[in-house]
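Okay, so here's the structure we're looking at.
The values are calculated or read from the model by the stated rules, or taken from the named source; none is laboratory data. Worth saying up front: this structure is predicted, and the values here are computed from it rather than measured. Glycine gets a Cβ as well: all are built from the backbone with ideal geometry, and neighbour counts include every protein chain shown.
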Amino acid sequence: MKASLLSRDDHTGKPEVRHSRAADYTRERRKMTTAALTAGLERIPDQLGYLVISEDGVLASAGELENDEHTAGVMMQMVRTASRFRLSGAADPPFKRMSVILEDFVYTVTVSGQKVFVVKRQNNQHEPISV
């Protein structure tokens, strides 16, 4: 079944694209899947943006990380590198969460299943008090 059909508008005679039910269903399902992936990320306090990444690329993004393929690539490379450090005999992955702490920002990286969730937050860590 084709995703869309080309026809002529009855009033103007101009070509118009009509989407089939299958295409509409696929589009709605993709929206629901993306919403399910990002539902919790939207509610994280102080979040400035997020990425949801798989081996195939960015699945969802928002805020300061929207369409940020470069950061997605760097984070995936860090996850791959960290994943190589396994304890001998351990069946579990070597980590579930990783934090990348910079002066102004913190990237929290969570691995769940085949997806990597990256959240960029403001770094509100205070300097230690010297007495």
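Brief remarks follow.
- Residues that are within 15 Å of Leu48 (Cβ to Cβ), surrounded by fewer than 16 Cβ atoms within 10 Å (Cβ to Cβ), modelled with pLDDT of 90 or more and among the polar types (S, T, N, Q) are absent from region 100-113 altogether.
- The condition of being surrounded by 11 or more Cβ atoms within 10 Å (Cβ to Cβ), modelled with pLDDT of 90 or more and on the phi < 0 side of the Ramachandran plot holds for Leu59.
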